[in-house]
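The values are calculated or read from the model by the stated rules, or taken from the named source; none is laboratory data. As the structure is a prediction and not an experimental result, all values here were calculated from the model. Areas reflect the complete protein model, heavy atoms only, side chains present, ligands, DNA and RNA absent. Shrake-Rupley method; radii C 1.70, N 1.55, O 1.52, S 1.80 Å.
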Amino acid sequence: MFVAVFGTRTVARGQEWVPVERGVEFMQRTDPGPVRISALRIDLCASGVSMRVTGSDERGQRPSSWAPKVGAVAATNGGYYKAGVPTQYDPNLRGITVHEGQMWPDAANSSRQGWIAFGARRSALHPLSLAPPAEPWFVEAVNGGIPLIVDGRVWGDSVRMPRTGAGLSADGRYAFLVAVDGRSETSGGMTGGELGTLLLSFGANQAMNMDGGGSTAMWVRNRGVVNQPSDGSERTVLNHIGVVVGDDTGVPGFSCPWRYGAELEESTFPGEVEITTAPGCEISGELRFRNTGEVTWDPRGTFLLTTEPRGEDSLLAASDWQTPGRPTNVASVTPPGEVGAFPFSIRAPDSLGTYTQSFGLVEVFVAWFGDDLGQADDAVKLTVHVVEPTQTGADRCQIPVVPPEDERKVSRGAVTGLGCAAVRIGAKTRGTGGCALIVVAMAAAAVRRRGA
């Protein structure tokens, strides 16, 4: 079979992937041998896509029964179980199964069983003898067996039989599920090495054998059981692995490996963390962030937006904001490791009082920069105290020069006895007199990629 490599993905000539649902593609063909192959390619970054594993109270079902009940669009059988007892692990090969972050009560970490696991913005696969214990980030995980691909190198045994295989691409974006028929005149099965080679051709960089033989089965919505189980019909099996496709929210799938991260390096607002000015005045500066992710920022897609709540109009919105909830974008292309500037102004509200506003970074239509999917981001927070100005006219927006920490005789934010300086706003330099006015305390936490 001819194989062509394009970037980090590998595509086998002659195979045709047919859409099943958003982010899920199905392929079926018969190779020389003959060998009948059914395969799923799952884009973990497609909106609404998430992987689903059997809950402890759902064990002991056929894939075609389990998948529709849990809303999966496609599924295969999972890992090994006790011969003749499809509700119990093999006592000599006990592995792990996790659903919604909960490990089955009779599961056990064992290097004699591998696993494939999915969590928020990440996934991993470790085959038999190479598998570490389950980790706290597991949300869905299922046990498996011998290695088929390890770090891009094909492994596998030489026994020809019906097989189920699971794999992940090197970048974590794609998951693969394969069912190979065997023990019949129409399909002779595959060795572990052959299945590894097949998954490698699809684009997998890590892969392992799942339970096979008569347990091998694949179910696809609107197609039913698409392979030919060697027993003549599906077996009842211990657990399963499937894919669920929810609403298209425009947000990448739950386990998509978002690689967007940032850390605040510097604020160039006058006083850096404290600013004073009069009600209604605009003050300009920059927030400078280091790109700690793996994706280059671009002014067309990387923005600073309001948070808590996200994207809401801000009382601090100034005339240079793109919208009342979006102050600015990164000023220039910023590769990983470099520092990007986000220039914007804040406008003091007209009424006296205290105002707060948090900001976070976002890659539009891709990810918020933060820790947890759907949660508030670590952000730069502005606290604005609006007080009566001490001067009128052009000097009413004056900003005090804050002395070094060891020279201060008053607490940060106080204005008594402090000198004053001008602040440049756009193309103008405004005189700034009477220093009592607005204090903007910018409490900056490290901004990390969103969790998501």
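Kirkwood hydrodynamic radius computed over region 139-234 comes to 13.4 Å, based on all pairs of distinct alpha carbons. Residues whose amide H lies under 5 Å from that of Met218, counting only those 5 or more places away or on a different chain, are Val226, Asn227; hydrogens are built 1.01 Å from N in the peptide plane. Can you give me the Rg/Rh ratio for region 243-359, using Cα atoms for both radii and the Kirkwood formula for Rh? Rg divided by Rh gives 1.03. Radius of gyration (Cα atoms) of region 131-170, expressed as a multiple of 2.2 N^0.38 Å: 1.39. Treating each Cα of region 199-303 as one equal point scatterer and applying the Debye formula with no solvent, the log10 of I(q)/I(0) at q = 0.15, 0.17, 0.18, 0.19 Å⁻¹ comes out as -0.94, -1.07, -1.12, -1.16. What a 1.4 Å probe finds exposed on region 28-96 is 45% carbon and sulfur by accessible area, rounded to a whole percent. The three principal axes of the Cα atoms in region 71-146 give end-to-end lengths of 35, 30, 23 Å, sorted in falling order.
In the context of the full set of protein chains, residues of region 221-330 present 41 Å² of accessible surface per residue (probe radius 1.4 Å, heavy atoms only). Within the accessible surface of region 135-251, defined with a 1.4 Å probe on protein heavy atoms only, the carbon and sulfur portion equals 47 percent.
Subtracting the Cα-Cα distance from 0.36 nm times the residue separation, let me have the gained length for Asp151 to Arg22 in nm, one decimal.
Extra length from Asp151 to Arg22 when fully extended: 43.6 nm.
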